[in-house]
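One structure, as C-alpha cells, below. Some questions next.
The values are calculated or read from the model by the stated rules, or taken from the named source; none is laboratory data. Please read all numbers here as calculations on a predicted model, not as lab measurements. Neighbour counts are summed over all protein chains in view; Cβ atoms, including those assigned to glycine, are modelled from backbone coordinates with ideal geometry. Only protein heavy atoms, including side chains, enter the accessible area calculation; ligands, DNA and RNA are left aside. Shrake-Rupley method; radii C 1.70, N 1.55, O 1.52, S 1.80 Å.
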Amino acid sequence: MTAPSIPVGVATGVGSWPGTDPREAAAIVVGELPALPHLVELPDRGVGADMIGRAAALLVDMPLDTSTTAYRLAQRPGAVTRRARDLLRRDLDALEEAWEVAGRRGTDQPVKIQSVGPLTLAAQVELSGGHRVLTDAGALRDLAESLAEGLTVHVDEVARRLGSPVVVQLDEPGLPAVLAGSLAGVSILQTPRAMPEPEALAVLSSVIDRLESPVLVHSCAAGLPLRLLRRSGAAMIGLDLSELTVADLDGVGELLEDGLTLALGLVPTLSAEPAPGWRELAEPAVTLVDRLGFPRSVLASQVTVTPRCGLAGASPEWARTALRRAAELTRAFADGAEFD
C-alpha cells in the first residue's frame, strides 16, 4: 500500500447522505466518486447516526449517552454507545462490500472517513452537570486525546478491511462559535468564554498530529479562521465557497501560496429549478482565483470539488446529481474549459 495523500482535481462528498440504507449509499458513492469515495453518515437513522453520535462509536474510554438537550459524557457504555458502534459496523460492512464489488481492493485507491473535530465535539457534548465539555480544560484535553486514539483505531480498521490508504476529514462547523464565545450556556450567566485562537489551534493540532493519515479539516460555516487552519497541520481545508466574504480572500490566498489544497464546496446541497449547469457552478471558483491573482490552472492542481455541505437533507435524486455535478466541474477544470 502506498503512502496516503489527498487527491486533488477530483470530486468527493462532504459526509452525510439521505436515507437509512448503508448498502445503497455505499454503492452510489463508490460508483459516482471513483477518485475519492467516502464512508457516509446516515443521520436519518436517529441517535448514534448523526455527526456527534458517530463520535460515540470512536471515543476510547469516554462513552456518550443522551440528556434532554444533547449528548452527554457517561460513566459507562450504554445503549447510545452500543447503537453508535453497531451503526458504524454496518456502515463499514456496506462499504467493504461495495469496495469488493467495484474491484477496488489492492488498487491503492484512497478512501475518506469523516469525524467531528475535537472543538465542535467539545462544544456539543455535555459534562454530567450540563455544562459543555468546552468549559473544562481537563475534560477538553481528555476528549481530544480520546478522539485521536479512536480515530487511529478506526483508520487502521478501514485500511485493513479495504486494503486501501485512508484520508481523514475532521468536521469543525462549530469552530467560529467556539472562537466567538457565542455558544449558549446552562444559564445566561454561565456562557462558555470565547476561546483564544492559540488554545483552539493547540486542541485541533493535537488530534491532527496523532494521525498518520493526511487530514482535511472541513467546515460549512461562515467566518472560518483561515490563518488558524493554515497552521493546524491539515493538508487540505474544506469550505463552502458561498460563505466566503471579501475579508476571507487574503486567508484563502495564503493557503494556496503555502501549497495547501482546498476542498471547495461549489454544488448546492438542495435541488433548484432550473438545475444549475457546470458553468454556473464553476463561476464563483473562477472569480475567486482571478481576484487572488492565481492562474486558473490552480483549480485543477490545488482544488478538490465537493457539495457545499452534507447531503442528508437532499432528495436521493439530487444527492446523486450533486456528486455528478462535482465530477463535471473537476473535468472542466482539468480540461482548462473557457469560462468567460
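If each of residue 317 and residue 247 carries a label point 7 Å out from its Cα toward its Cβ, how far apart are those two points in nm?
So the label points at residue 317 and residue 247 sit 4.1 nm apart.
Still on this model: Which value, in debye to the nearest 20, describes the size of the charge dipole of the stretch 131-277 about its Cα centre when Lys and Arg Cβ atoms bear +1, Asp and Glu Cβ atoms bear -1, and nothing else is charged?
Numbers: 9 positive and 20 negative charges, 46 e Å.
For this selection, approximately 220 debye.
Per residue, how big is the convex hull around the C-alpha atoms of the stretch 152-247? Give it to me in cubic angstrom, could you?
Spread over its residues, the Cα hull of the stretch 152-247 gives 128 Å³ apiece.
Which ³J(HN,Hα) values, rounded to whole Hz and listed in residue order, are derived for the stretch 82-95 from phi using the Karplus coefficients 6.51, -1.76 and 1.60 in 6.51 cos²θ - 1.76 cosθ + 1.60 with θ = phi - 60°, glycine and proline given as x?
Those phi angles translate into 5, 5, 4, 5, 5, 5, 5, 4, 5, 5, 5, 4, 5, 5 Hz.
Calculate the dipole size of the stretch 1-76 relative to its Cα centre from +1 charges on Lys and Arg beta carbons and -1 charges on Asp and Glu beta carbons; express the result in debye to the nearest 20.
180 debye
Give the peptides 245-258, 12-25 in descending order of average Cβ contacts within 10 Å, highest first.
Sorting 245-258, 12-25 by mean packing, highest first, produces 12-25, 245-258.
For the chain, what is the mean residue ellipticity at 222 nm derived from helices alone (per DSSP H run of n ≥ 4: -39500 (n - 2.57); sum divided by total residues; nearest 500 deg cm²/dmol)?
-13500 deg cm²/dmol
With a cut-off of 8 Å between alpha carbons and a minimum separation of six or more residues, what is the relative contact order of the stretch 13-166 in percent?
Relative contact order here is 26 percent.
Applying a 10 Å radius around every beta-carbon, put 231-239, 57-65 in order of their mean neighbour count, most first.
On the way: 231-239: 22.1, 57-65: 19.8.
Going by the mean number of other Cβ atoms within 10 Å, highest first, we get 231-239, 57-65.
Let me spell out the model: positive unit charges on the Cβ of Lys and Arg, negative unit charges on the Cβ of Asp and Glu, origin at the Cα centre of the chain. What dipole size does that give, in debye rounded to 20?
The dipole of the chain has a size of about 580 debye.
Skip the ligands, DNA and RNA, and give the accessible area per residue of the chain with a 1.4 Å probe, whole Å².
Ligands and nucleic acids excluded, the figure is 42 Å² per residue.
If each residue of separation counts as 0.36 nm, what is the full-extension length gain between residue 212 and residue 275 once their alpha-carbon separation is subtracted? Write out the running numbers ahead of the final one.
On the way: separation 63, 0.36 × 63 = 22.68 nm, distance 4.01 nm.
Stretched out fully, the residue 212 to residue 275 stretch lengthens by 18.7 nm.
Just name one of 63, 8, 303: the one whose Cα is farthest towards the positive end of the charge dipole of the chain (beta-carbon charges, Lys/Arg +1, Asp/Glu -1).
Going by the charge dipole, the pick is 63.
Any idea which of 115, 133, 94 is furthest toward the positive side of the dipole for the stretch 92-161, if Lys and Arg beta-carbons carry +1 and Asp and Glu beta-carbons -1?
Value computed over the given set: 115.
Also, I was wondering about something else. Would you work out what percent of the accessible area of the stretch 197-340, with all protein chains in place, is carbon or sulfur (probe 1.4 Å)? Walk me through the numbers on the way to the answer.
Details: 3060 of 6290 Å².
Carbon with sulfur: 49 percent of the solvent-accessible area.
Where does each of 210-218, 122-130 land if you order them by average Cβ count within 10 Å, highest first?
210-218, 122-130
What span do the alpha-carbon atoms of the stretch 232-340 cover on each of the three principal axes, reported in whole Å from largest to smallest?
38, 33, 23
Another question about this same structure. With no solvent and one equal point scatterer per Cα, compute the Debye intensity ratio I(q)/I(0) for the chain at 0.09, 0.10, 0.15 Å⁻¹ and report its log10, rounded to two decimals.
After summing over all Cα pairs, the log10 values are -0.45, -0.56, -1.31.
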